[in-house]
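Please read the structure below before turning to the comments.
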Amino acid sequence: MASETVSGQLQENHAEARDRVEDISTFDSWINGSRYETDEVVETVDPVVGEPITAIPRCGPSEVDTAVDAAWRAFDEEWSETTPAERSRRMFEWIDVLRDHVDELAFLECVDTGKPMSQARGEVEGAIGTLEYYASVCQGQSQDGRQVSTSEDLHLYTRKEPYGVVGQITPWNFPIWAAAWKLGPALGTGNATVLKPSAEAPLTTIRIAELSEGIFPDGVFNVVTGTGSEVGGAITEHGRVRKISFTGSVGVGQRVMQAAAENVAPVTLELGGKSPFIVFPDADLEKAVSAVADGIFYSTGEICDAFSRAIVHERVHEEFVDRFVEKAESYTLGDPLDEETTMGPLTTESQYETVTEYIDIGESDGATLLTGGGPPDDSDLRDGWFVEPTVFDDVENDMRIAREEIFGPVQTINTFSSYDEAIELANDTEFGLAAGVATERTSVVHNAAADIEAGLVYVNEYGPILPQAPYGGFKESGIGKDLGTEVLDHYQQTKSVYVNLDEPEL
């Protein structure tokens, strides 16, 4: 399954890639419209060869203070006075610059995360499309209030106003796309932001901040790099950060809520998932297999809404399993810089250790390992964090691999015999981010969509994720929404204005 085209060249390819990264930027933090260095640094590591790519500043509470102060100055002195049309104009100017750098940004995303180049490019273009959507939407909707009917002699209306300075924390699995999900609505509604990217994959976020130079007022868009405990903690605990948006694990999300509660700062959280995909007996199995495979093997399974649980009707179980194993074994593992590669490594060493540990747990708990289960045989890939597409059958819903988020290319399969059993299995989880169904019957589609406890439901496919539709989960998968126009309310406060209409006297 390993790509042969990079045999013997992988180390050399990635040494050249690291040189190219250094030619693009020094990758410092971005505070008050300029690069910001610190004495201490954190290395970001190439997941293909396990070697450092570059070093980023290791910021802490003092740098967060500096960024928050700069953001408030920018907000108070200029940004809060801009009209939606002016903010939209500046965002489109930034978008034009980003479009000129798509190849560069895709390269950085590929090297930093280990995503195949085609996926990295698609995510860069998705990020730019998201920013473009909010540049358009916020021009007309970001400050829309409403007139309120009343029986009193009053003119009563509402207006929407930005919070001021918001804190945003993004994950390492979709760095540039997650940043766009947060920056688009925050900047479009008139807030200034202090954003912390993951220390494991910060390069594209830093670079898009650099590419905003001279477009936004200094201090409107700040990127503070470093560890989650030092920088993320300082942002969530900061008394002058008026709103927090976080994407990451459930455990960290709980700590974010606790810290924000001290300052009564509102939070939106997009957390983990253990998403089911129900294959009903009338399903088109070709569509079903493709949907589940896309949902668990895209981005090496490092996706919050991954279809990690296939729940298959007993009548089609055997055929589904045969087809799905064949599909899993068709992926080409290799250098993500190689266009022939369809699956790269896991992004971090700790995630590699987590995934391989869960594979061992699945086997020890009695699930049947059908394919995969470890690193590929290719010796050229031994220094990277590669795990083959892995499929477990005979999975019971009380097994850890069926209940806990693995965040890797590990698929579980269990069976059902009735509609009610399928829904019960799908909902038997503390998560509720996404779900999918495969069926040709419209009545099953709409009933299942209503009965499944999840924030989004896919039918006969995985994806796409579009900026027009709200994205977020139920239960422990989060609070609030990213994307759609719904997210605009998370970055604004509503004010009611009462105007007395006494009888006029001249």
> Which listed residue (Gly50, Ile169, Thr368) has the Cα farthest towards the positive end of the charge dipole for the chain, taking +1 on Lys and Arg C-beta and -1 on Asp and Glu C-beta about the Cα centre?
Replying inline: Ile169
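Compute the relative contact order of the chain as a whole-number percentage, counting only Cα pairs closer than 8 Å that sit 6 or more residues apart in sequence.
Details: 1151 pairs, mean separation 95.1, N = 506.
Worked out over the chain, it gives 19 percent.
Which shape class, rounded, prolate or oblate, goes with segment 57-104 when its Cα gyration tensor gives a ≥ b ≥ c as root eigenvalues, a/c under 1.5 marks rounded, and past that a/b bigger than b/c marks prolate? Could the numbers behind the result be given before it?
Values: a/c = 5.56, a/b = 1.22, b/c = 4.57.
It is oblate, given that a/c is not under 1.5 and a/b is not larger than b/c.
I'd like the carbon and sulfur percentage of the solvent accessible area for segment 1-151, probe radius 1.4 Å, heavy atoms only, ligands and nucleic acids excluded. Don't jump to the answer; show the numbers that get you there.
Details: 2700 of 6750 Å².
Carbon and sulfur atoms account for 40 percent of the accessible area of segment 1-151.
Could you tell me which of rounded, prolate or oblate describes segment 318-364, using a ≥ b ≥ c as the square roots of the eigenvalues of the alpha-carbon gyration tensor, with rounded for a/c under 1.5 and, failing that, prolate when a/b is larger than b/c and oblate otherwise? Display every interim value, and only then the final one.
Numbers: a/c = 4.27, a/b = 1.04, b/c = 4.09.
It is oblate, given that a/c is not under 1.5 and a/b is not larger than b/c.
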> Which whole-Hz couplings ³J(HN,Hα) result when phi for each residue of segment 347-354 is put into the Karplus expression 6.51 cos²θ - 1.76 cosθ + 1.60, θ = phi - 60°, listed in order with x for Gly and Pro?
Replying inline: 6, 10, 5, 5, 5, 4, 5, 5
> With charges set only on the Cβ (+1 for Lys and Arg, -1 for Asp and Glu), what does the dipole of segment 399-444 come to about its Cα centre, in debye to the nearest 20?
Replying inline: 140
>> Could you tell me the extents of segment 388-456's C-alpha atoms along the three principal axes, largest first, rounded to whole Å?
In response: 36, 24, 22
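Please give the net charge around Ile452, taking every other residue with its beta carbon less than 14 angstrom from that of Ile452, where Lys and Arg add +1 and Asp and Glu add -1.
Working: positive: Lys274, Arg309, Lys475; negative: Asp305, Asp420, Glu421, Glu424, Asp428, Asp451, Glu453.
Spelling it out: positives minus negatives among the neighbours equals -4.
With a 10 Å radius around each residue's Cβ, average the other Cβ atoms per peptide and rank 288-294, 494-500, 317-323, 271-277, highest first.
Details: 288-294: 23.0, 494-500: 10.1, 317-323: 16.6, 271-277: 26.9.
Descending mean neighbour count gives 271-277, 288-294, 317-323, 494-500.
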>> Applying a 10 Å radius around every beta-carbon, put 217-228, 12-23 in order of their mean neighbour count, most first.
In response: 217-228, 12-23
>> To test your reading of the geometry: what angle, between 0 and 90 degrees and rounded to tens, separates the Cα axis of helix 175-188 from the longest principal axis of the chain?
In response: 20
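Which whole-number percent gives the relative contact order of segment 303-436, counting Cα pairs below 8 Å spaced six or more residues apart?
Numbers: 200 pairs, mean separation 43.4, N = 134.
The value is 32 percent.
Assuming R0 = 41 Å, what is the FRET efficiency of Ser118 and His155, from their Cβ-Cβ distance, to the nearest 0.05? Spell out each step's value before the answer.
Values: r = 56 Å, r/R0 = 1.36.
Between Ser118 and His155 the formula returns 0.15.
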>> Once you order the gyration tensor axes a ≥ b ≥ c over the Cα atoms, which shape class does segment 1-137 get: rounded for a/c under 1.5, otherwise prolate or oblate by comparing a/b with b/c?
In response: oblate
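Once you charge only the Cβ atoms, +1 for Lys and Arg and -1 for Asp and Glu, what is the size of the charge dipole of the chain about its Cα centre, to the nearest 20 debye?
Rounded to the nearest 20 debye, it is 1600 debye.
If contacts are Cα pairs under 8 angstrom and at least 6 residues apart, what is the relative contact order of segment 8-125 in percent?
Computed over segment 8-125, the figure is 22 percent.
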> Looking at the chain, what % of the alpha carbon pairs are farther apart than 28 Å?
Replying inline: 55
> Helix 442-451 sits at what angle to the longest principal axis of the chain, using alpha carbons and giving 0 to 90 degrees rounded to 10?
Replying inline: 70
>> Would you report the distance distribution of C-alpha pairs in segment 281-417 as whole percents per 10 angstrom bin, up to the bin with the largest distance?
In response: 12, 46, 33, 8, 1
> What's the FRET efficiency of Glu40 with Glu86 using the Cβ-Cβ distance as r and R₀ = 45 Å, to the nearest 0.05?
Replying inline: 0.70
> Any idea what the dipole of segment 421-460 comes to, in debye rounded to 20, about its Cα centre with Lys/Arg Cβ at +1 and Asp/Glu Cβ at -1?
Replying inline: 240
> Counting only protein heavy atoms and using a 1.4 Å probe, what share of the accessible area of segment 181-239 belongs to carbon plus sulfur, as a whole percent?
Replying inline: 40
> What does the accessible area per residue of segment 198-286 come to in Å², with a 1.4 Å probe and no ligands, DNA or RNA counted?
Replying inline: 31
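Could you tell me the calculated FRET efficiency between Arg20 and Glu353, based on Cβ-Cβ distance and R0 = 30 angstrom, to the nearest 0.05? Walk me through the intermediate numbers first.
Working: r = 29 Å, r/R0 = 0.97.
Efficiency, from the Cβ-Cβ distance: 0.55.
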> In Å², what does the accessible area per residue of segment 441-489 work out to with a 1.4 Å probe?
Replying inline: 47
> Of Lys182/Lys287; Lys327/Lys475; Lys160/Lys481, which ones are farther than 25 Å apart at the Cα?
Replying inline: Lys182/Lys287; Lys327/Lys475
> In segment 194-293, with Lys and Arg counted as +1 and Asp and Glu as -1 at Cβ, which of these residues, Thr236, Ala288, Thr247, has the Cα nearest the positive end of the dipole, that is, farthest along it?
Replying inline: Thr236
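The values are calculated or read from the model by the stated rules, or taken from the named source; none is laboratory data. Treat the numbers as computed from the prediction; the structure is a model and nothing was measured. Positions of Cβ are backbone-derived with ideal geometry, glycine not excepted, and every protein chain shown enters the neighbour counts. Note: areas computed on protein heavy atoms with side chains; ligands, DNA, RNA excluded. Shrake-Rupley method; radii C 1.70, N 1.55, O 1.52, S 1.80 Å.
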